[in-house]
Amino acid sequence: MKIYFIAFVCLLSAAVGGTLPWGAADESQGVKSGVSVIDENRYERRGDHDPNGIGKFYMGREIAHVMGFGPGGQGADWLERSSREEEERLTLLVRSLQLKPGEVVADIGAGSGVISLRMSQELLPGGKVLAVDVQDEMLARLRMNCERFGISNIVPVKGTQFTTGLEPSSVDLAIMVDVYHEFEFPYEMMTDIAKTMKPGGRVVLVEYRKEDPTVPIKEIHKMSQAQAKKEVERAEFGLRWTETIHVLPRQHILIFTKM
Ligand SMILES: C[S@@+](CC[C@H](N)C(=O)[O-])C[C@H]1O[C@@H](n2cnc3c(N)ncnc32)[C@H](O)[C@@H]1O
């Protein structure tokens, strides 16, 4: 069954005083409004499922709960924990991306901005990070972090569960760090992300390695390379896997290129 959201958007728009939540952005740079159509038949619901998942399956994989900001910002504190550099080698991750000055990078599911902040300096002069998230509290914390570190080339963007709100063909590199496995609408998000990419642009998934039972995180927060490739390399996205970078202790860095 196809659910058409247009009427819903109009109702919601009226309810919130005329502001569309779809693609509505906190800042105007690089952002558009739009309306999506969702085909729920892509997804399967199962009663018997992992308690850390939402009971919704896509291409055989259960989708994890979205990581919340948490009471008192516990979720954001966890993302900013001091042990993260050692556990996830963020410096090495960013170096592996070989970012260039002037590039436009979309950090999808940016959270409180840990990865955006690190990438932003590599893009100077002239480049910027479009930091997309669905949670207002995360974006507020990200803004606070930008002010604290005096960073002005990060643009916070309020996305939705199925759209980024970014302009078509505007992004050189889109990165999702520990994010893709918790997209409630992975097909719709990838459709949108694929459209935002410039030809030759790179879509990067950083996910905990499911192939490695010693990686210390719940199974639902891991993704295998095979599963990630199956989901991202769909013909309609025009994305092709080009490389997996194996430098991190717990995650793999999968690179897909826009044809
Ligand atoms: C585990 S956190 C990772 C945050 C950040 N990437 C990091 O590594 O510090 C996942 C983030 O993805 C966001 N998120 C989940 N679904 C999203 C979607 N459809 N669009 C944008 N952000 C999303 C959540 O709100 C949360 O802030």
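The values are calculated or read from the model by the stated rules, or taken from the named source; none is laboratory data. Treat the numbers as computed from the prediction; the structure is a model and nothing was measured. Positions of Cβ are generated from backbone atoms using ideal geometry, with glycine treated the same way; all protein chains shown enter the neighbour counts.
So here's what we get for this one:
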{"quantity": "Hits in the range 119-151 - residues which are in a loop (DSSP other than H, G, I, E, B), within 21 Å of Ala76 (Cβ to Cβ), without any contact (Cβ under 8 Å) to a residue 40 or more places away in the chain and not aliphatic (A, V, I, L, M)", "calculated": "Gly150"}
{"quantity": "Some residue of the range 209-230 being part of a loop (DSSP other than H, G, I, E, B), among the basic types (Lys, Arg) and more than 19 Å from Ile115 (Cβ to Cβ)", "calculated": "yes"}
{"quantity": "Residues of the range 232-258 that turn out to be among the aliphatic types (A, V, I, L, M), surrounded by fewer than 13 Cβ atoms within 10 Å (Cβ to Cβ) and part of a loop (DSSP other than H, G, I, E, B), as a count", "calculated": "1"}
{"quantity": "Residue, surrounded by the most Cβ atoms within 10 Å (Cβ to Cβ), within the range 155-171, restricted to residues that are more than 13 Å from the ligand (Cβ to nearest atom) and of a type outside the set (Gly, Ala, Ser)", "calculated": "Val171"}
{"quantity": "Residue in the range 82-90 that is touching a strand residue (DSSP E or B) at 6+ places or on another chain (Cβ under 6 Å), touching a residue at least 40 places away in the same chain (Cβ under 8 Å) and within 14 Å of the ligand (Cβ to nearest atom) present", "calculated": "no"}
{"quantity": "Verdict on Arg141 being out of contact with any strand residue (DSSP E or B) (no Cβ under 8 Å at 6 or more places or on another chain), modelled with pLDDT of 95 or more and either more than 10 Å from the ligand (Cβ to nearest atom) or over 20 Å from Leu239 (Cβ atoms) (or both)", "calculated": "yes"}
{"quantity": "Selection count where residues are out of contact with any Leu (no Cβ under 8 Å at 6 or more places or on another chain) and among the hydrophobic types (A, V, I, L, M, F, W, C), scope the range 127-186", "calculated": "11"}
{"quantity": "Every residue from the range 35-65 that is in a loop (DSSP other than H, G, I, E, B) and either hydroxyl-bearing (Ser, Thr, Tyr) or under 17 Å from Asp192 (Cβ atoms) (or both)", "calculated": "Val35, Ser36"}
{"quantity": "Scan of the range 230-259 for residues that are aromatic (Phe, Trp, Tyr) and either at pLDDT below 95 or touching an Asp or Glu at 6+ places or on another chain (Cβ under 8 Å) (or both), ordered by number", "calculated": "Trp241, Phe256"}
{"quantity": "Of residues in the range 185-224 being of a type outside the set (D, E, K, R), in contact (Cβ under 8 Å) with a residue 60 or more places away in the chain and within 19 Å of Asp50 (Cα to Cα), the one surrounded by the fewest Cβ atoms within 10 Å (Cβ to Cβ)", "calculated": "His221"}
{"quantity": "Residues of the range 94-109 satisfying the condition of being free of Cβ contacts under 8 Å to residues at least 40 places away in the same chain and either aliphatic (A, V, I, L, M) or within 11 Å of the ligand (Cβ to nearest atom) (or both)", "calculated": "Val94"}
{"quantity": "Output for the range 95-116, where each listed residue is buried (at least 18 other Cβ atoms within 10 Å of the Cβ), out of contact with any strand residue (DSSP E or B) (no Cβ under 7 Å at 6 or more places or on another chain) and part of a helix (DSSP H, G or I)", "calculated": "Val114"}
{"quantity": "Selection count, the range 172-196, where residues are on the phi < 0 side of the Ramachandran plot, of a type in the set (D, E, K, R) and within 6 Å of the ligand (Cβ to nearest atom)", "calculated": "1"}
{"quantity": "Test: residue in the range 74-85 that is modelled with pLDDT of 95 or more, of a type in the set (Phe, Trp, Tyr) and outside any helix (DSSP H, G or I)", "calculated": "no"}
